[in-house]
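Down below is the structure, laid out as structure tokens.
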Amino acid sequence: MRLLLTILLVLAGVARPVTAQRIAEIQRIVGEREDNVLPADRYLSSVSFRVLFGGIIVGKACLNSFPDSLTFIFDTGCGSISLDSMTAARLGLVPRASGLLLRGVAGICPQRVLDCQTLRLGGVQVDSLKVQVADYDLLSSVYGEKIDGIVGAGFFSRYLVKIDYDRGQMDIYTRGNVRYPRGGFLLKPRLYGLPMLEGDLEDARAIRSRFYFDTGAGLCLLFSSNFTSDSAIFSPKRKKPVKIQGAGLGGKTEMQLTTLKTFSLGPFRFKKIPTYIFEDAYDVTSYPQLAGLIGNDLLRRFNLWLNYERSEIYILPNRSYKQPFDYSYSGVTIALIEGRIVVTDVIEESPAAKAGFREGDRVVAVNGDRKQDLQVYQGLLRTMGPKVKVLVQRENGKEELLLMKVRSIL
């Protein structure tokens, strides 16, 4: 899980002239489906993306004239376009200090920026960018692949964007009028750099509060402890929350994991939603202005239309809408470190602790799979059913086969 708050940057876009031949080509690419109501004459390009474990989405883009494509998170919870510090160093880019600070769930760090950069997503080129530089090595280790940067609200604010999870594709249009398809709901967020919208909550009591709309957060809901304390949304008699570790800008931080009875976006109501609670020591939610954020493990259940020019986000249930939430739990955190998958945390009294996992163990194989794919291993370690067989190598070099029963905790 991650949350990143920065200042909003204004981007400049380059659009291509549209001919009749181009419109025909666009209609062939986008498709003549009944629900396709976006204006074909304003279509610019499409970018494919993948959904990683936890819900975040990543795709490819190119920076400046460098030939190699880079991996970016598409993140409505970030106000700018940013680049990983190691990627910047590899490309020979030297950032300057801006005098501003970046705040995250786990810390504060000075902002560094690159001036006059160019980003290309598919056929769209954005020039004269001020790109911030931050350390994303923790994100790369958590997700098991190199994260080169983040494409944030500074990009989304310049275009009309459709994020289609059914097709794994982000379609980019010039701004303007749009007729949304039937069956969804039009949200009217407040846009102060980042989109903020209201949701209805019910547990010990029913209330309405405001949240960040964050496709870059790999969870369903995240509440600040100030909000949960003041609102008394949870009953004191509820099941004891599970202590768990989250990762974000600034490093790692302790959180609590519980469930919320119901949460609604417009007419769409979800029940028993996994919900994280954190101590907002760095004021990323600016409570009481916001209660927390809505993350992409919930948002990915809708296809999204981001129309920031008109302060509109349209949500339409997709094929994942009725997918059950993940309540399984192992209590072990693994990460990719220097090319090896390593146990970085084991929670006391968890299934992992009872199975004998130790911090520093190298994961050699899970259920016989030795391909060292972190995304695959994370899925296997959260799958309830027969015991998971994990071959680990201890710090003394000896190998041991551990058997763990993954269970539901919420």
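Just the residues that are without any contact (Cβ under 8 Å) to a residue 40 or more places away in the chain and either within 21 Å of the chain's Cα centre (by Cα) or within 19 Å of residue 283 (Cα to Cα) (or both), please, taken from region 216-254.
Correct list: 229, 254.
Can you pull out every residue in region 116-166 that is of a type in the set (Asp, Glu) and crowded, with 24+ Cβ neighbours inside 10 Å? Walk me through how you get there before you give the answer.
To start, the set of residues in region 116-166 that are of a type in the set (Asp, Glu) comprises 127, 135, 137, 145, 148, 164, 166.
Listed by number, the list holds a single entry, 148.
Would you point out which residue out of 94, 47 is outside any helix (DSSP H, G or I) and either acidic (Asp, Glu) or free of Cβ contacts under 8 Å to residues at least 40 places away in the same chain (or both)? Please lay out each step first, then the result.
Details: 47 fails: either acidic (Asp, Glu) or free of Cβ contacts under 8 Å to residues at least 40 places away in the same chain (or both).
Going through 94, 47 in turn, the sole match is 94.
Only residues that are part of a loop (DSSP other than H, G, I, E, B) and surrounded by fewer than 18 Cβ atoms within 10 Å (Cβ to Cβ): list them for region 252-286, please.
Going through region 252-286, the residues part of a loop (DSSP other than H, G, I, E, B) turn out to be 266-267, 279-286.
Residues satisfying the conditions are 266, 267, 279, 281, 283, 286.
Name every residue in region 97-123 that is at pLDDT 90 or above and in a loop (DSSP other than H, G, I, E, B), in order of residue number.
Matches in region 97-123: 122, 123.
Going through 358, 340, 310 one at a time, which residue ends up being surrounded by fewer than 20 Cβ atoms within 10 Å (Cβ to Cβ) and either touching a helix residue (DSSP H, G or I) at 6+ places or on another chain (Cβ under 6 Å) or outside the structural domain of residue 394 (by TED's automatic domain parsing) (or both)?
That would be 310, the only listed residue that is surrounded by fewer than 20 Cβ atoms within 10 Å (Cβ to Cβ) and either touching a helix residue (DSSP H, G or I) at 6+ places or on another chain (Cβ under 6 Å) or outside the structural domain of residue 394 (by TED's automatic domain parsing) (or both).
Just one of the numbered conditions (1) buried (at least 22 other Cβ atoms within 10 Å of the Cβ); (2) more than 21 Å from the chain's Cα centre (by Cα) is not true of residue 289; which one?
(1)
Counting just the residues of region 364-378 that are within 15 Å of residue 406 (Cβ to Cβ) and crowded, with 17+ Cβ neighbours inside 10 Å, which one comes out modelled with the highest pLDDT?
366
From the residues in region 47-68 that are at pLDDT 95 or above and among the polar types (S, T, N, Q), which one is surrounded by the most Cβ atoms within 10 Å (Cβ to Cβ)?
Going through the qualifying residues, I end up with 64.
Looking at residue 78, is it surrounded by fewer than 21 Cβ atoms within 10 Å (Cβ to Cβ) and on the phi < 0 side of the Ramachandran plot?
No; evaluated as a whole, the condition is false for this residue.
Going by the conditions given, is residue 334 outside the structural domain of residue 137 (by TED's automatic domain parsing), of a type in the set (Val, Ile, Thr), modelled with pLDDT under 95 and in contact with a strand residue (DSSP E or B) (Cβ under 6 Å, 6 or more places away or on another chain)?
Working: outside the structural domain of residue 137 (by TED's automatic domain parsing): yes; of a type in the set (Val, Ile, Thr): yes; modelled with pLDDT under 95: yes; in contact with a strand residue (DSSP E or B) (Cβ under 6 Å, 6 or more places away or on another chain): yes.
Considered against the rule, which asks whether it is outside the structural domain of residue 137 (by TED's automatic domain parsing), of a type in the set (Val, Ile, Thr), modelled with pLDDT under 95 and in contact with a strand residue (DSSP E or B) (Cβ under 6 Å, 6 or more places away or on another chain), residue 334 comes out as yes.
The values are calculated or read from the model by the stated rules, or taken from the named source; none is laboratory data. Here the structure is a predicted model, which means the values were calculated and not measured. Backbone-built Cβ (ideal geometry, glycine too); neighbour counts: all protein chains shown.
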